[in-house]
Each structure stands twice: as C-alpha cells, then as structure tokens.
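First up is the structure itself, then whatever we jot down about it.
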Amino acid sequence: MRLKLSAFAFKRFWDVHAWSGVVTSLVVYFMFVLGAVVLFYEPLTIWEEPLKQKPMPVGISLQAPLDLAKTLPDEFYYYLPKDGRGPHKIAFYLPDTTSWRMWWLDLEQQRLIPQRELAAAYVYDLHYLWHEVTGYALQYGAGVLVFGFLLAIVTGVLIHLKDLIPQLNQFRPERSRRVVWSDLHKVTGVLGLPFQLVYALTGTLMALAPLLFQISVGPVFGGDELSAVKTAGALIDDPPPRNYGQPAQPLTLDVLTAKALEREPRLMPESFVFRGFRRELGTVDVRGPVAGVPFGDGVVRVRAVDGVVELVQTPDNESAVGKAARWIHGLHTVEYGGLAARLLLFCLAVSGCLAILTGNWVWLERRHARAPSRENLFLARLTAGVGSSAVFSLAMMFMVSRLMPLDWAPRTRVEELTLVIGFAGCVAFALLTRDSTRVWWTVLGTAGAMVLTLPLAALHHSQAGLIGSGHGEPHVVGVEIGFLCIGSALVGAALSIRARARSRTARDSMPADLSPRPVS
Amino acid sequence: MTESLSLVLLFFTAALFYGTDTSGGRRRFAAFEPSYRASVARLIATIALVAAARNWYSVESGPAAALFTTVGMMTMATLFALLTPLFPRFMRGATVACVPVILVLAWLRVVS
C-alpha cells in the first residue's frame, strides 16, 4: 500500500501527531505502566494479602458469612471467594461519599477484618486516574488525554501510510541515536498499533462513561435514569436511588440465589449487590459470568423479601449499547485468554511505553538539532523523571507494603503516601540533574534492586512464596517469579544505559580524528 | 499445554514471516534466500498461525481465539523486529528449536 498525502495534509497531520503526542505522552505513559501492572491485579491481591492465600471454608451456606456483619448499610456488596481461595468479603461506600471500605468475613474466628492492604487497588484506581480525594475530575481529564493520544495514533498512521509496511520491522541499532529512537518508535508503534488503538479507544470510553451517561440522560432518555442505566449495560454500575419502603425481613441469600438461578441457570454467581437492605422493596443483584458467552457477565435482580425476579440482564437480552459496553469492558479488562494473554499484553504494554517515550525523544532530537532551548531541556528532564519514577514509585510502594506490620492501621495511607512521595521525589531529582541518562540508570537500577528483593521482604507476612518455608501458593510464587524477571530486566537496562553513556563520554573526549563517527 | 503450544506456534509463525521478509534486497534469514524456500516458509507460517488459533479455539470461544492470536502475533513480531538485529544467532537458534518443541508439545497435547 503506497498512499501519499499532499504536502499540506502531511504537514498538518505531522503537527497534530507531534503536539498531541508530546502533550499527552507522559500521563498516558504513566497509565500504560500502571495498566501493565493491573493486568496481574488478581494474583497481586493474593500475593499481598495472606488471608487470600488460604483455601476457602467448605460446606458453608452463602448466608452464614454475611451474618457475621451485625450492622450493614442500605447498600453494600458481598463477594464470594474466587477460585476456592480466601474468605468472603463485604464492601460499601461510606454514606454520601466516594470512600470505599471493605471487610473480610473470617468464619474461623467469627470476626470482621478490615481491609489492610491496598497496594494493588491503588494501582488499579490510579490507572484510571481515579482517587477518592479527586473523585471523577481527574478520571475525566484522563479520558480527554487518552482521546488526545488516540488522535496521535491516527495521525501517526496517516503520516506513515506511504511506508507503513517497510517500517514494520526496520530496527537498526548500529545507527545514530536519532535513527535508533525513530526506528524504535515506528516498530513499536506500527506493530502494536491494534493494541494501542483498542486500548486508547476503550480506555477513553470507560473513563468518560459516567460523564457521557449523565449528559445523555436528559436529551436521549427524557430524564428517565432507570431506562438509561438499563441501556448503558456494563459501563454503568449503579441504578438511580429510590425509596425501598418500610423495614422487612428478607429471605436468606441461599434461597434468593436459587431463585435467580432458576431463571438464569447459566449464571455463575460471583458477587451480590444489596440495595434497600432489610426493607420491603429491597433488591439483591446476583452477578457473575454467563457460561459460554464471550465477556458475558450477567445480572439477575431479585426482590429480597419474596424472591420475585425484577430484572434479568444477560448478553441475550441486552441493548445494542449494552452489547458494545460488554465488548468495551471485556476487551479492556482482558476477559479472555487467561494468563498467556495477560503475559502477551504485558509485553505489548511495555512496547507501548517504549513507543511513547521514543516519540518524545524523536521530538527532542529533532528540536535540539534545530535550536536547543530551555523548554526542550525541561521536557527531556521531565521525560526522564516521569519515565523512571513511574517504575520506581511502584517498586517503593510494594516494598513499603511488605515491610509494615499487616495490622498497623495507617498502613494503607502510608502506602499511598509512599507512591506519591516516591514519584514526586524522582521527578524532582530528574529536574535538578543535568544528565538525564544518569537519572535513567540510577532510578531504574534502584527500582530493579528493590523489585528483586521483594520476594525476600514478602517473607515478613507470608511463607507461601518462592523462598518461603510454607506450602507454595501458585499465584504467590508466580508473582514473585514475575518480580525476579522484571527486577533483572530493570537492573540489566540500567547497566546497559550506564555502559553506553560511559562509552559515549569516552568517545566524546577523544580527539576528533580518533572518534568513531556514527552512521546516520 | 494449550497455552505453551499456541505461544510456540505463534513464535514460529512470527519467525518465519520475519525471516522471509526482505531488507535491502536480501531475506532477513539467509536460509530463505531462494524465493521458493521463502514461499514454502510462508505457507508453513500460515499453517502454524491457523493451528495456533485452532488450538486456542478448542478451549475458548472463537472471538477469544481470534483476539489471542492477534495479541500473540503483535507481541512475537515486535520481539523479532527488536531482538533479531541485536541477537541474530540466538533468534535463529530459537526458531530452529521451535520445530522439535512444537512436535513434543503437540504430541503431549494429543495424549493428555
């Protein structure tokens, strides 16, 4: 395919590609790094919380763990253990806030244990730039920025349309730095194009879904929020608030689940949402995957006092928007392919990070060659700062999470602060350091060393890991093998960057006639 | 077993497509230099690609198999494009080693 744009169109697309890329790059890079980690959210939650490493209690009813909680709010979530591991849990938003709280229901000792580990959850929330302090504001900002990134992808394809195929696998590491960055940018950009396109598109829609929902309720649904929720499907979780009537005694959860399964036998219950708890019009959503349907999560809503089915939402009876929402959600959260697909997507996310960073470096090399400026120097240092600190701050947070006592109440806040301080400190270090290359190898090397020692630090809380004395739990062992691989890769990258920087310094200090000339 | 077999098949597919591609008028892997060999290699690569997708389809749905194959090909192709110029012998060796590995994994998949 050899399509050539007019000079005018090429120039315009080039400018849009370069500016949208450089404006969105660092935030999107941060989201990509967190996304790569979030791919392993479930194993990470098992690794970080020893309670989830134990087998689940057998032969108990659905209702029994729930009865441990003496006081419950009107609306709460109840989760069953996954893959036969760990205790049941309940969670809810504190009334009139977006603060989410969770408790483990420990049947053995008949007690509620508050959630004491949130490292993986922070990574998950920050991937969408969501935080309870900032609410949806930052998330919407992230959605807009990812849309800008989408623009960079589309214009990137347009300006390279004439030679897209030759650039598929042209990587020339022996050439000058500018050519190497350019080749890396094109190879990772072109080969990872479907991945980046799908994730940018689905990510934008997921981040902006609540906003799009709110602004469409009036003009599209005539203000009928309930009908809007039914249409939106998987993108919107909560129906609008309603009056659930006078207090009343509900049926047990086992009976309600049986009634839901009578109506939809393919449903495999994983969690329950109680609304209007212990009220005459209160409901229970029985939620879980629907057997045999791709990305096929379903909900059966039953009335808690008599088990009357109010709603059955499965892939067979959803709206077109609901179907699109299911695919958007399923594609973005990788509800297919198991561990193998997640490992492949991890590699693609790393390659996406490379595409973003090399884009900035190409911009800097081109601009610097024309006219060095303070803005370019600032961007170079900021790229080094954000690029390296995203990895460093995560390593630091996981390390601190392993070193603090599990039952120490402020530990979740300390984890959060560690992430913020680690990130800000690194960026400040990069902005104050003359040599950006030094920032890269120092910070990546330190992060790598920390990641390599995580399995050792994890012994503080659990013996189920790679070097623990207990019975190895496959998820924990897997996560720790992952840490060893990532740590080694980071240390290897740091050593390689340092060696190249030193050889370049030595070459630059040679008399001009002895210095090898880079091929460009 | 299914995962390993599909991954190795995708790696092999990417290797053959990469190796038969031309750079400066020459095939990237010299073994595919006469064009008839390149054609045969591409045919084998296509068969391996279909086999990888079919293998995944046996455990998951059609869309999941298509997605897995696409994601796998993107990853393996990136791997080859970036690593072969740096470690050419290792990548060629890995490609050759794929053949017995695929046969052993396929046999284990059949008997298990």
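The values are calculated or read from the model by the stated rules, or taken from the named source; none is laboratory data. Just so it is clear, the structure is predicted and the values come from calculations on it, not from any experiment. Using ideal geometry, Cβ is built from the backbone for each residue, glycine included, and neighbour counts are taken over all protein chains shown. Quick note on the areas: whole protein, heavy atoms, side chains included, nothing else; ligands and nucleic acids left out. Shrake-Rupley method; radii C 1.70, N 1.55, O 1.52, S 1.80 Å.
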Determine which member of the set A:V414, A:V443, A:V420, A:V427 is part of a helix (DSSP H, G or I) and open to solvent by 60 Å² or more (accessible area, probe 1.4 Å). A:V420
Count of residues meeting criterion [out of contact with any Ser or Thr (no Cβ under 8 Å at 6 or more places or on another chain) and outside any loop (DSSP other than H, G, I, E, B)] in region A:89-105: 10
Matching option when the condition is assigned to a loop (DSSP other than H, G, I, E, B) and open to solvent by less than 30 Å² (accessible area, probe 1.4 Å), among A:L68, A:L72: A:L68
Picked from region A:164-187 (must be open to solvent by 30 Å² or more (accessible area, probe 1.4 Å), assigned to a helix (DSSP H, G or I) and free of Cβ contacts under 8 Å to residues at least 40 places away in the same chain), the residue nearest to the other protein chains (Cβ to nearest Cβ) is A:L168
Would you check which residues across region A:324-364 are within 12 Å of chain B (Cβ to nearest Cβ) and aromatic (F, W, Y) and list them? A:W327, A:Y336, A:F346
Considering A:L256, A:L339, which residue is part of a helix (DSSP H, G or I) and either in the same structural domain as A:G192 (by TED's automatic domain parsing) or within 30 Å of B:L79 (Cα to Cα) (or both)? A:L339
Considering only residues of region B:23-67 that are more than 15 Å from the chain's Cα centre (by Cα) and open to solvent by 80 Å² or more (accessible area, probe 1.4 Å), which is modelled with the lowest pLDDT? B:G24
Could you go through region B:49-69 and let me know if any residue there is away from chain A (no Cβ under 14 Å), closer than 25 Å to A:L197 by Cα and assigned to a helix (DSSP H, G or I). yes
Within region A:283-315, which residues are in contact with a strand residue (DSSP E or B) (Cβ under 7 Å, 6 or more places away or on another chain), in a loop (DSSP other than H, G, I, E, B) and of a type in the set (A, V, I, L, M)? A:A304, A:V308
Taking A:R287, is it open to solvent by 40 Å² or more (accessible area, probe 1.4 Å) and not small (G, A, S)? yes
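Let's see how each residue does on (1) assigned by TED's automatic domain parsing to the domain that holds A:V16; (2) of a type outside the set (A, V, I, L, M); (3) within 20 Å of A:V284 (Cβ to Cβ):
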site	(1), (2), (3)
A:Y78	no, yes, yes
A:R85	no, yes, no
A:A91	no, no, yes
A:L105	no, no, yes
A:Q109	no, yes, no
A:A121	yes, no, no
A:D125	yes, yes, no
A:G135	yes, yes, no
A:L145	yes, no, no
